[in-house]
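Engineer: Below is a structure I'd like to ask you about.
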């Protein structure tokens, strides 16, 4: 289907999940990890500042493994790592089903606008397939069909900041990098998108808002959200945004990757 109200080269939106679609990291994954620790009788609790530091490591299982290595002074037992990760996934799904993890403002609006314009849309994330499905099925139930292509950690050998997931998404969509825009919230996500040749709008999450704006120089646009009519956003770097709303027309005008 041809895009009806977006002229030019924009053919697809590629959505990150954690921190971009929803504030999943601090309000979801962190709490789920803490519940998994408690379930296993372990004394650890990750507060918000600790977890923000741990986000420098891409992937929940990798994050957990790194932490256990330093707590135990060596490679963690595979059985413990597996048990904690499986418990964490179950607790995360419970949090999402209970409505404890909400979409960020503007996400649903922009997904619907892109669908109405005939753009393709895909999920491109380093989260596991199960966590992605939990969020989409519960917080985007009516729009999940608009995101049929889902590239997750289960589909690639290397996680962000490696561009493999974005390269794979472009291949499956049959698009050149210049025909799509990635929506991200983190340094790792930005690095992955730009390495794949994609324009990238970074919409800072609660966690990444702690980072210096200078770390996002490669972003085509850096904002503090996507915006709703009652809650306009600020553009911290990139083209001015009329009305404080990220729209398809705004994404179309984003400058190409240098």
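Engineer: Report the residue count in region 71-89 for those that are assigned to a helix (DSSP H, G or I) and either surrounded by 14 or more Cβ atoms within 10 Å (Cβ to Cβ) or outside the structural domain of residue 31 (by TED's automatic domain parsing) (or both).
Structural biologist: Qualifying residue count for the region: 8.
Engineer: Checking residue 226 against (1) in contact with a helix residue (DSSP H, G or I) (Cβ under 7 Å, 6 or more places away or on another chain); (2) assigned to a strand (DSSP E or B), which single condition isn't satisfied?
Structural biologist: With respect to (1) in contact with a helix residue (DSSP H, G or I) (Cβ under 7 Å, 6 or more places away or on another chain); (2) assigned to a strand (DSSP E or B), residue 226 is out only on (2).
Engineer: So is residue 150 assigned to a helix (DSSP H, G or I) and over 27 Å from residue 239 (Cα atoms) or not?
Structural biologist: Spelling it out, it is not the case that residue 150 is assigned to a helix (DSSP H, G or I) and over 27 Å from residue 239 (Cα atoms).
Engineer: Take the conditions in contact with a helix residue (DSSP H, G or I) (Cβ under 6 Å, 6 or more places away or on another chain), in contact (Cβ under 8 Å) with a residue 24 or more places away in the chain, buried (at least 17 other Cβ atoms within 10 Å of the Cβ) and not assigned by TED's automatic domain parsing to the domain that holds residue 147 and apply them to residue 32. Does it pass?
Structural biologist: Taking the combined requirement at face value, the residue satisfies it.
Engineer: Quick check on my filter: what residues within region 201-220 are under 16 Å from residue 255 (Cβ atoms), within 16 Å of the chain's Cα centre (by Cα), without any contact (Cβ under 8 Å) to a residue 40 or more places away in the chain and outside any helix (DSSP H, G or I)?
Structural biologist: Within region 201-220, 202, 219 qualify.
Per-residue answers, yes or no, for (1) touching a strand residue (DSSP E or B) at 6+ places or on another chain (Cβ under 8 Å); (2) over 28 Å from residue 90 (Cβ atoms); (3) without any contact (Cβ under 8 Å) to a residue 60 or more places away in the chain:
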| position | (1), (2), (3) |
| --- | --- |
| 139 | yes, no, no |
| 151 | yes, no, yes |
| 156 | no, no, yes |
| 160 | no, no, no |
| 179 | yes, yes, no |
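Engineer: Additional query: I'd like to know if region 115-129 contains one or more residues that are without any contact (Cβ under 8 Å) to a residue 60 or more places away in the chain and within 14 Å of the chain's Cα centre (by Cα).
Structural biologist: yes
Engineer: Shifting gears a bit: Considering only region 8-27, I want to know if a residue exists there that is on the phi < 0 side of the Ramachandran plot, assigned to a helix (DSSP H, G or I), in contact with a strand residue (DSSP E or B) (Cβ under 7 Å, 6 or more places away or on another chain) and touching a residue at least 60 places away in the same chain (Cβ under 8 Å).
Structural biologist: yes
Engineer: Here's another thing I want to ask about it. Quick check on region 236-257. Is at least one of its residues surrounded by 15 or more Cβ atoms within 10 Å (Cβ to Cβ), touching a strand residue (DSSP E or B) at 6+ places or on another chain (Cβ under 7 Å) and assigned to a helix (DSSP H, G or I)?
Structural biologist: Yes, because at least one residue in region 236-257 is surrounded by 15 or more Cβ atoms within 10 Å (Cβ to Cβ), touching a strand residue (DSSP E or B) at 6+ places or on another chain (Cβ under 7 Å) and assigned to a helix (DSSP H, G or I).
The values are calculated or read from the model by the stated rules, or taken from the named source; none is laboratory data. Since the structure is predicted, the reported quantities are computational estimates derived from the model, not experimental observations. A quick note on method: Cβ atoms are made from the backbone with ideal geometry, for glycine too, and the neighbour counts reach across all protein chains shown.
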